[in-house]
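> I have a structure I would like to understand better, so I am pasting it below and will then ask my questions one at a time.
The values are calculated or read from the model by the stated rules, or taken from the named source; none is laboratory data. All values reported here derive from a predicted model rather than from experimental measurement. Don't worry about glycine lacking a Cβ; one is built from the backbone with ideal geometry, like all the others, and counts go over all protein chains shown. Side chains included, ligands, DNA and RNA excluded: accessible areas come from the protein's heavy atoms. Shrake-Rupley method; radii C 1.70, N 1.55, O 1.52, S 1.80 Å.
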Amino acid sequence: MEIRPFKVHVPQATLDDLQDRLARTRWPHEVAGAGWDYGADLSYMKALVNYWRDGFDWREQERAINEFSHYKAAVDGYDIHFIHERGKGPDPMPLIITHGWPSSFFEMHKIIPLLADPGRYGGDPADSFDVVVPSLVGYAFSSIRTRRGKIDHSNLWTALMQGLGYDRFGAQGGDVGAGVTSALGRHHPDQVVGIHLNGDLDWPNPIPPESELSEEEKDFLRRAAEWEREEGGYSHAQGTKPLTLAYGLNDSPVGLAAYIVEKFHGWSDCGGDVESRFTKDELLTNVTLYWATETIYSGMIGYYEGRHYVDPNPPAPGSRVEVPTGVAMYPKDFYFPREWAERSYNVQHWTEVPTGGHFAAQEEPQLLAEDIRAFFRPLR
């Protein structure tokens, strides 16, 4: 496997074009008192875009991003971008962390140092990890998706880790990354020592009849249906007609920012104030990564393929992920009952974190890092 160093650099022409588009934004009208109820709040978006134009310094964010060790590798026909930070401890454990949507590798910028060098942050150097954070195919600086069909990232990540010299490793992820991490545990148990998940667990197959469910599980299914009605529109649109969305989102930076930032507001433990969890710089760095790489459509394609893919070798009914599994549940993310999780996983570690939401690595990096360390400690 060819592994080559990579440096994040957005051409100045791309940044100049972004500024020109921001200056020519055509804003929608406002419904009185709408706030965030109808979508991204208009007054907030105007303030954020003003900062994007006049206060946000992409080059400063780019320099900070490049403080990590970035690489690219050709894996099974895809160009995979990843961060690889060596652990500072007596025997670091290899750990691959997978992001979700509408996130990116940038979500992990706070936990990478905590995991790679715990001693520097008050932890035990014996808990250190060699941290690998790849960009999913279709996201950021990995290959864009140009072909039909589901991509098995578990195979790609296993090949990547073996190419880095890691025959056995741990895996962690949330959202889409939780699905990839679950597949790593399910399909590669000889390479994966354990998996740690925050949110978006696999559902049992088949779903048991209601008579066999606990009251908490029944409540979970009611909440899931309600969440789908109120929050699931993005997933349905991306899973059915992603290209139609992409024309607007790939052409309008403000449209793209509104689409992404609304999720950071709605899915985080921010109490209605998105900047209580994410700075403007953090929000706009993630959005600018999508804008500069033109990957919003490529990232959404995975939803379409996931909805339409028919697995020729589906898991046997009732099968579970048998590698040791740790789960961290955050109060403002979608909560899964432990008994529901145990139908699909060999759960050996379960933590109900007191604060945080969907973007745990950014919202509560210290709590997430501590839970990852605790779960993997006996598996070293």
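> Only four residue types carry charge here, +1 at the Cβ of Lys and Arg and -1 at the Cβ of Asp and Glu. Report the dipole size of segment 12-145 about the Cα centre in Debye, rounded to the nearest 20.
Computed about the Cα centre, the dipole is about 280 debye.
> In whole Å, what is the distance between the alpha-carbon centres of segment 312-380 and segment 226-276?
24
> Within the set 46/263; 241/332; 88/110; 88/263; 7/241; 218/263, which residue pairs have Cα atoms separated by over 24 Å?
241/332; 88/263; 7/241; 218/263
> State, as an integer percentage, the relative contact order of the chain based on alpha-carbon contacts under 8 Å between residues 6 or more apart.
Values: 631 pairs, mean separation 72.1, N = 380.
Result for the chain is 19 percent.
> Here's a follow-up. Which residues does the label zone of residue 377 cover in segment 121-143, counting backbone N under 19 Å from a point 7 Å along Cα→Cβ?
Of the residues in segment 121-143, 121-130 have backbone N under 19 Å from the label point off residue 377.
> Could I ask something else about it? Given the -39500 (n - 2.57) contribution per DSSP H run of 4+ residues, what per-residue ellipticity at 222 nm results for the chain, rounded to the nearest 500 deg cm²/dmol?
That comes out to -12500 deg cm²/dmol.
> Which of 230, 364, 30 moves the most in a Gaussian network model of the chain with Cα springs under 10 Å?
230
> Something else now. Identify which of 127, 175, 273 has the largest mean-square fluctuation in a Gaussian network model of the chain, with springs joining Cα atoms closer than 10 Å.
Judging by the Gaussian network model, the answer is 273.
> Once the whole set of protein chains is in place, how much accessible area is left on residue 150, using a 1.4 Å probe, in Å² to the nearest 10?
Approximately 110 Å² of residue 150 is accessible to the 1.4 Å probe.
> Which one of 103, 128, 43 has the biggest mean-square fluctuation once the chain is modelled by GNM with Cα springs under 10 Å?
Maximum fluctuation in the GNM of the chain, among the listed residues, is at 43.
> Let me ask something else. How charged is the neighbourhood of residue 377? Take every other residue with its Cβ under 15 Å from the Cβ of residue 377, and add Lys/Arg as +1 and Asp/Glu as -1.
-3
> If you take the charge dipole of segment 294-380 about its Cα centre, with +1 on Lys and Arg Cβ and -1 on Asp and Glu Cβ, which of 313, 358, 302 is farthest toward its positive end?
313
> For residue 366 and residue 66 in one chain, what is 0.36 nm times their gap in residues minus the Cα-Cα distance, to one decimal in nm?
Length difference between fully extended and current span is 105.8 nm.
> Given that just one value was derived from the coordinates, which of [x] 144; [y] 216; [z] 160 is volume of the Cα convex hull per residue in Å³?
[x]
> List residues of segment 88-107, by number, whose backbone nitrogen lies under 20 Å from a label position 7 Å along Cα→C-beta of residue 227.
Correct set: 98-104.
> Take the Cβ-Cβ distance between residue 30 and residue 237 as r, set R0 to 22 Å, and report the resulting FRET efficiency rounded to the nearest 0.05.
0.40
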